[in-house]
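Taking it in order: structure first as structure tokens, then the write-up.
The values are calculated or read from the model by the stated rules, or taken from the named source; none is laboratory data. Source: prediction; values computed, not measured. Positions of Cβ are backbone-derived with ideal geometry, glycine not excepted, and every protein chain shown enters the neighbour counts.
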Amino acid sequence: MYGFFLFLTIGSLLAEIPFWQEYQRRYNFIAVDYLLYTYEVIENIHQSFPIPILLGVILLIIILSIRYAKKQNAYENTFESNDSFFKKVMPAFLIFLICGTFHFSIQNTQAEIFHNINENELAKSGLYSFFAAYKSNELNYNEFYLTLTGKENFTIARKLVKASNDSLFINPNSILRFTKNLGEEKKPNVIFIGLESMSASFLKRYGNTNNLTPTIDSLHKESIAFTNMYATGTRTIRGLEAIILAIPPTPGRSIVKRKSNTNLFTIGEVFKQKGYSRTFIYGGDSSFDNMLNFFSFNEFDIVDRKKWHRIEEQLPTKRSRIADVEVTFENAWATCDENLFNKLLNIADKQHATNQPFFNFVMTSSNHQPYTFPEGVIASNKKTRSNAVKYSDKALQQFFETAKTKPWFSNTVFVIMADHCAYSAGRSEINIKNHHIPAFIYNLKGAKTAEVDKLSSQIDIFPTLFGYLNWSYDNLFFGKDISKMSSIDTRAFIGNHRKVSLLKNNKLLVLETQKKYASYAYDRVQNELYPMKNDTTLIKETVAYYQSAFELFKSGELKLKTAEK
């Protein structure tokens, strides 16, 4: 154990040297991110450094340290000590007290007392910086990415988010605006169904010949379908962030998992202003990935498969459980989609009886590893991705067959969209095709079925719905009504944790750490990127989107209080 501790300590200290050479920083969230991608990291180390020599040096230091400790009788003094329990517990208590004090009371930023960044970083401890980065879950955009001056940043950002029917408020450092839609407001019930890992490539509409999604393909034909829409990230919490906040993906982890993510201006606030109830429905324990706290503290009631043995959180909204008797099948992640949809039907029945319009945000889970589902629902019970897709589609078919018999169905709009794709390139590369997702609005009264091929992003889906419903409202959204966007202004945001990008006019601008960036021409048919000459306008627009999103969140300007000004 002592040797293992030495190995970790010495290894981490040596690793700080190349990390500093690369980023001129102590350990930060990039280092935490590396732990998630061990293959790439190990390969990079193998190709960059003489591994046998490094391991040899570490082992030599460990052997010498163990021999020295043995020579000093450290092992005998530790394991054969006759000291009383009180004598042993006191130093242990002091050690835990000091560690606990640092963990809960000392902020890594307290070392930043100098004007020079290098001095601030040298004042920190590498290992402490690592754990501090793990807790903070974010990268400081302004430190690591290309930036504009504050005035230029928001001047550009305000122009980019403003639509023809928007009126910007006077604050030059905010995107707060009033969106006005003409016509009588419609207030149908709204159910959003997030399809777990449902790539567009699974649908027949986008070229798949394996008949994986007959239900989704059928609904797609009967809807307003957005055929050129892209997910902002590669995980569910990135999709949730994009949909609920209508914001581009800021570097680091999703806002869903960050501090200061309560009382934000979400799409739920618009529904609230229009008199809707708001409920988040999930087949697993929503404590996972902080979904519970995020949705509850942003004024959604919660329905999930919570685990009773856990300490009950103090929540500002109601939380109810998918009961054991309502579950016929579940795996490590969640109850199966059939059970989830049955719960949704029961909830909608009760909501309909109140005569209050409802907005239900439903997140499915069955199309996720380990790809398990109830037997006998589809032809094969084999645990494969394809079968999980087929099962998810079948569960959706059963849901709509029952939903169509309900009195609330004719006055309910369904927004159906994937949270992300099943196969994404990882966090080191941008693969645009692997962010292409199905998205459509179904059962919207008075609307003709149509395919909208404008380039769009997950963040646009609800501003678009609000436009179809003729709603006027204040908002802090980066998303825009797709139906009112010109083809020249269409764009999509694609992020891979540390790389964030803007796709516009068949050009992709990628922002990377160390204030680097890269420009590409995009061939949509071949899904190929080709290096191209930098476009100054595109660079500034990309920076303005991401820098303003980061700064607005960090400054608290995305809070509800801002929209009330």
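Some points to look at:
- Test for residue 391: is it assigned to a loop (DSSP other than H, G, I, E, B) and in contact (Cβ under 8 Å) with a residue 24 or more places away in the chain: no
- When the range 394-423 is filtered for residues that are surrounded by fewer than 20 Cβ atoms within 10 Å (Cβ to Cβ) and in contact with an Asp or Glu (Cβ under 8 Å, 6 or more places away or on another chain), the ones remaining, listed by number, are 398, 406, 408.
- Of all residues in the range 352-373 being over 19 Å from residue 197 (Cα atoms) and either in a loop (DSSP other than H, G, I, E, B) or free of Cβ contacts under 8 Å to residues at least 12 places away in the same chain (or both), the one that is nearest to the chain's Cα centre (by Cα): 357
- In the set 201, 164, only one residue is crowded, with 16+ Cβ neighbours inside 10 Å and either within 29 Å of residue 237 (Cα to Cα) or more than 22 Å from the chain's Cα centre (by Cα) (or both); that residue is 201.
- Checked across the range 219-226, the condition of being within 30 Å of residue 257 (Cα to Cα), in contact with an Asp or Glu (Cβ under 9 Å, 6 or more places away or on another chain) and of a type outside the set (Ser, Thr, Tyr) holds for at least one residue.
- Restricted to the range 505-554, and to residues there that are among the hydroxyl-bearing types (Ser, Thr, Tyr) and not in a helix (DSSP H, G or I), the residue that is nearest to the chain's Cα centre (by Cα) is 513.
- Subset of the range 470-484 [within 13 Å of residue 163 (Cβ to Cβ), part of a loop (DSSP other than H, G, I, E, B) and under 25 Å from the mean Cα position of the chain (by Cα)]: 477, 478, 479, 480, 481
- Residue within the range 227-240 that is without any contact (Cβ under 8 Å) to a residue 24 or more places away in the chain and either touching a Phe, Trp or Tyr at 6+ places or on another chain (Cβ under 6 Å) or in the same structural domain as residue 277 (by TED's automatic domain parsing) (or both) present: no
- Residues that are surrounded by fewer than 22 Cβ atoms within 10 Å (Cβ to Cβ) and either out of contact with any Ser or Thr (no Cβ under 8 Å at 6 or more places or on another chain) or modelled with pLDDT under 95 (or both), drawn from the range 186-198: 186, 187
- If you go through the range 174-185 and keep only what is buried (at least 16 other Cβ atoms within 10 Å of the Cβ) and under 23 Å from residue 492 (Cα atoms), you end up with 174, 175, 176, 177, 179.
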